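*Asks:* Dropping a structure here in structure tokens format, bear with me for questions.
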Amino acid sequence: MTLAVGLVGAGPWARFVHAPMLATHARTSLAGVWARRQDAAEEVATENGAPSFTSFDELLERCDAVSFAVPPDVQAELAIRAARAGKALLLEKPIALDLDHAVRLVDAVEASGVPTMLNLTWRYAAPVRSFLDVAASAEPIGGRGHFISGALLGGMFATPWRLEHGALMDLGPHVIDLLDAALGTVVGVRAHGDPQRWIGLFLEHESGIVSEASLSAHSNLNPYRAGVEIYTNDGVIDLDAATAVTPETMVTIVDELVDTVAGKHPNGLDVHRGLHLQRLLDAAFADLR
């Protein structure tokens, strides 16, 4: 039996990642596509041999789970409705644009008991998992991360919500999440810089270790640079995250979505992880303001 997954969104990320990822996997079927622009939804659906729907409620009637590829504020509102309808959720990061909506989403999930999975793409890549395995056996003294690109200078990622909120909201979850996973839970964050140019983060971990992160989506690098370094008394454990994600990563995401819905493979990357990251983003934005 395959998992019927409905797709919300018809932008480039939905079209080139979510839709083919769900439509071609042996364990899922693309139950249909809904987006605010009906013509765009029809185009994505047709490309992947699936129907398009004229309403979100119609999509919910035809699927077991919902995959979101829309701006965070839209995702938060619709995911609450999907959770209340008993649908499993594949969420993008960040889970909302503000902490209040993130909390409301978590409350809806807890009330309904639906399974959730957070699409922090790096975390499903084999090199990233190997890096974290090595880091888990090390005795770190600190770390640093970075994500530097020209994504907001133009192209498929230069969308209105990213342009408005800058690199912290878009790139920050990836880097903060990895430093948190490698060095222990982040319990404090300080931020400085300009969200539209360059941001520096200072992270305090529950373990007592501190780390730093640099973020920018306004540097026209080709290729972009992203990664994490964990320092020990003996040297450094490093990860080039810019080359870590491959087509096999997308297969892993769908496999673990199906297993999560079946209750067989909880990976800890769920809506509560999203809320943890949202609290840190909120604190960082408070510093920047």
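*Asks:* Just to be sure I understand: if I project the alpha-carbon convex hull of segment 227-289 onto a plane and average over all orientations, what area do I get in nm²?
*Replies:* The number I arrive at for segment 227-289 is 7.1 nm².
*Asks:* Mind checking which of Leu118, Ala136, Gly155 is farthest towards the positive end of segment 107-162's charge dipole, using Cβ charges of +1 (Lys, Arg) and -1 (Asp, Glu) about the Cα centre?
*Replies:* Highest projection toward the positive end goes to Gly155.
*Asks:* For segment 11-27 and segment 206-271, what is the separation of their Cα centres, given in Å?
*Replies:* Their Cα centres are 21 Å away from one another.
*Asks:* How large is the convex hull of the C-alpha atoms of segment 65-119 per residue, in Å³?
*Replies:* Measuring per residue, one finds 57 Å³ for the Cα hull of segment 65-119.
*Asks:* Rounded to a whole number, what is D in µm²/s for segment 160-242 from Stokes-Einstein with the Kirkwood radius over alpha-carbon pairs (37 °C, 0.692 mPa s)?
*Replies:* Calculated translational D: 242 µm²/s.
*Asks:* Taking the square root of 5 times each eigenvalue of the Cα gyration tensor, what semi-axes in Å does the equivalent ellipsoid of segment 82-220 have, largest first?
*Replies:* Its equivalent ellipsoid spans semi-axes of 25, 22, 15 Å.
*Asks:* Mind putting a number on the dipole of segment 108-182 about its Cα centre? Charges go on the C-beta only, +1 for Lys and Arg and -1 for Asp and Glu, and I need it in Debye to the nearest 20.
*Replies:* The dipole of segment 108-182 has a size of about 200 debye.
*Asks:* Ignoring everything except DSSP H segments at least 4 long, calculate the 222 nm mean residue ellipticity for the chain; use -39,500 (n - 2.57) per segment, divide by total residues, nearest 500.
*Replies:* It comes out at -12500 deg cm²/dmol, rounded to the nearest 500.
*Asks:* Show me, bin by bin at 10 Å from 0, the whole-percent P(r) of the chain based on Cα pairs.
*Replies:* Result returned by the calculation: 7, 28, 36, 23, 6, 0.
*Asks:* Identify, among Ala19, Thr246, Asn267, the residue whose Cα sits farthest towards the positive end of the charge dipole of the chain, taking +1 on the Cβ of Lys and Arg and -1 on the Cβ of Asp and Glu, with the dipole about the Cα centre.
*Replies:* Highest projection toward the positive end goes to Ala19.
*Asks:* Along the positive direction of the dipole of the chain (beta-carbon charges: Lys, Arg +1; Asp, Glu -1; about the Cα centre), which of Ala79, Val189, Pro94 reaches farthest?
*Replies:* Ala79
*Asks:* Then there is this: Cα-based Rg of segment 66-158 per 2.2 N^0.38 Å, rounded to two decimals?
*Replies:* 1.34
*Asks:* Now a separate question. Per 10 Å bin, what is the whole-percent P(r) computed from every C-alpha pair distance within segment 5-126?
*Replies:* Each 10 Å bin holds this share of Cα pairs: 15, 49, 32, 5.
*Asks:* Only four residue types carry charge here, +1 at the Cβ of Lys and Arg and -1 at the Cβ of Asp and Glu. Report the dipole size of segment 64-150 about the Cα centre in Debye, rounded to the nearest 20.
*Replies:* Its charge dipole is roughly 180 debye.
*Asks:* Rolling a 1.4 angstrom probe over the protein heavy atoms, how many square angstrom per residue are accessible across segment 241-289?
*Replies:* With all protein chains present, segment 241-289 gives 46 Å² per residue.
*Asks:* Let me know the charge dipole size of segment 218-270 about its Cα centre in debye, to the nearest 20, where only the beta-carbon of Lys, Arg (+1) and Asp, Glu (-1) is charged.
*Replies:* Once rounded to the nearest 20, the dipole reads 160 debye.
*Asks:* On to the next question. Averaged per residue, what accessible surface does segment 21-139 expose to a 1.4 Å probe, in Å²?
*Replies:* Each residue of segment 21-139 exposes 41 Å² on average to a 1.4 Å probe.
*Asks:* Could you sort 271-282, 215-226 so that the peptide with the highest average Cβ count within 10 Å comes first and the rest follow in order?
*Replies:* 271-282, 215-226
*Asks:* Using a 1.4 Å probe on the protein chains only, how many percent of the accessible area of the chain belongs to carbon and sulfur?
*Replies:* Result for the chain: 50 percent of the exposed heavy-atom area is carbon or sulfur.
*Asks:* At 4 °C and a viscosity of 1.567 mPa s, what translational diffusion coefficient does Stokes-Einstein give for segment 130-289, taking Rh as the Kirkwood radius over Cα pairs? Give it in µm²/s as a whole number.
*Replies:* Result for D is 78 µm²/s.
*Asks:* Using all C-alpha to C-alpha distances in segment 17-61, build P(r) with 5 Å bins and read off the rounded percent in each one.
*Replies:* Values per bin, smallest distances first: 5, 27, 31, 24, 10, 2.
*Asks:* Which of the peptides 62-70, 151-159 is most tightly packed, and how do the rest follow, going by the mean number of other Cβ atoms within 10 Å of each residue?
*Replies:* Those peptides, ordered most packed to least, come out 62-70, 151-159.
*Asks:* What is the set of long-range amide H partners of Thr28 at a cut-off below 5 Å, with H atoms built 1.01 Å from backbone N?
*Replies:* Leu3
The values are calculated or read from the model by the stated rules, or taken from the named source; none is laboratory data. Computed from a predicted model, the values in this text were never measured in an experiment. FYI the Cβ positions are ideal-geometry reconstructions off the backbone, even for glycines, and counts take in every protein chain you see. The accessibility values were calculated without ligands, DNA or RNA, using every heavy atom of the protein model including side chains. Shrake-Rupley method; radii C 1.70, N 1.55, O 1.52, S 1.80 Å.
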